[in-house]
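Values quoted throughout were computed directly from the atomic coordinates according to the rules given, and no laboratory measurement underlies them. Note that the structure is predicted; figures quoted are calculated from it, not measured. Neighbour counts are summed over all protein chains in view; Cβ atoms, including those assigned to glycine, are modelled from backbone coordinates with ideal geometry.
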Amino acid sequence: MIRDTEIVGRIRQGDVGQFELLFRSSYVSLVRYAKNLIKDHDTAEEIVQDLFFRLWQDREKLYIESSLNGYLFRSVHNRCLHFIEHNKVVERHAEEMLYRQSESQESPADILHYKELQSRIAKILERLPERCGQIFYMSRFEGLKYTEIAEKLSVSIKTVESNMGRALKEFRKELTEQ
């Protein structure tokens, strides 16, 4: 009978046959163990397959002090716990998103008010001189800084500032009148 240290040594050296023997001899029991922990056969198989994939991929670094069987079962156990914890986080996030969505439902009156406001803003933008409206749009709707606007339009920053002042003055005047 081959000792665990010899099996690990052979796998570390790239012995595919030894790796396959280990896989075949422990796969079913590892999947059964994982399934007992996470209650899903497909996920249990994925966890065990991933364990063996990583084991082979990192075989040069493989160092096992305890029994090989104990190492495999402990690895599956840890991966299952990680999977369970990850699912809890995902579920909490989904619940939080649903809660936020239910809280942020807008009433028909809110939607109507928003559409009216959009319409008024569009009308004000149309009345502004072309360059003034363009500068306001780039600043407020595209989020550009004055220096970026000046560079894109090949104008001075002072021109951008004065046009923004003019646009804001017009918006204040129109939106405060009701």
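Things to note:
- The count of lysine pairs in the chain with alpha-carbon distances below 29 Å, taking only pairs 8 or more places apart or on different chains, stands at 19.
- 3J(HN,Hα) along segment 161-167: 4, 5, 5, 5, x, 4, 5 Hz, from the Karplus curve 6.51 cos²θ - 1.76 cosθ + 1.60 with θ = phi - 60°, whole Hz, x for Gly and Pro.
- Remark: the chain carries a charge dipole of roughly 420 debye about the Cα centre, counting +1 on each Lys and Arg Cβ and -1 on each Asp and Glu Cβ.
- Ellipticity estimate at 222 nm from DSSP helix runs (n ≥ 4, -39,500 (n - 2.57)) divided over the chain, nearest 500: -27500 deg cm²/dmol
- Positive dipole terminus of segment 58-178, leading residue within 157, 107, 97 (C-beta point charges): 157
- Annotation for segment 123-178 versus segment 71-91: alpha-carbon center distance of 55 Å.
- All C-alpha pair distances within segment 4-103, sorted into 10 Å bins from zero, spread as 15, 40, 24, 12, 7, 3, 0 percent across the bins.
- Across all Cα atoms of the chain, the radius of gyration (one decimal) and Dmax (whole number) stand at 32.4, 93 Å.
- Choice from 88, 123, 35 showing the highest fluctuation, given a GNM over the chain with Cα pairs closer than 10 Å: 123
- Dipole moment magnitude, nearest 20 debye, segment 108-176 about Cα centre, only Lys, Arg, Asp, Glu C-beta charged: 220
- Gyration tensor (alpha-carbon) shape descriptor, segment 108-176, a/c threshold 1.5: prolate
- Annotation: extensible slack from residue 65 through residue 21 equals 13.8 nm (criterion: 0.36 nm per residue apart, minus Cα-Cα distance).
- Karplus (6.51, -1.76, 1.60) ³J(HN,Hα), θ = phi - 60°, over segment 109-126, in Hz, Gly and Pro reported as x: 5, 4, 5, 4, 4, 4, 5, 5, 5, 4, 5, 5, 4, 4, 5, 5, 4, 5
- For segment 139-151, 3J(HN,Hα) per residue [Karplus equation, 6.51 cos²θ - 1.76 cosθ + 1.60, θ = phi - 60°, Hz, x = Gly/Pro]: 6, 8, 9, 9, x, 7, 7, 4, 5, 5, 5, 4, 5
- Candidates 84, 149, 38: whichever shows maximal mean-square fluctuation once the chain is modelled as a Gaussian network with Cα springs under 10 Å: 149
- In nm, spacing of pseudo-spin labels at residue 147 and residue 166 (7 Å Cα→C-beta vector): 2.5
- Most mobile of 16, 89, 155 in a GNM of the chain (Cα contacts under 10 Å): 155
- Ranking 41, 22, 121 by how far each Cα lies toward the positive end of the dipole of the chain (charges on Cβ) leaves 121 at the top.
- Net charge of Cβ neighbours under 13 Å - reference residue 76; Lys, Arg +1; Asp, Glu -1: +2
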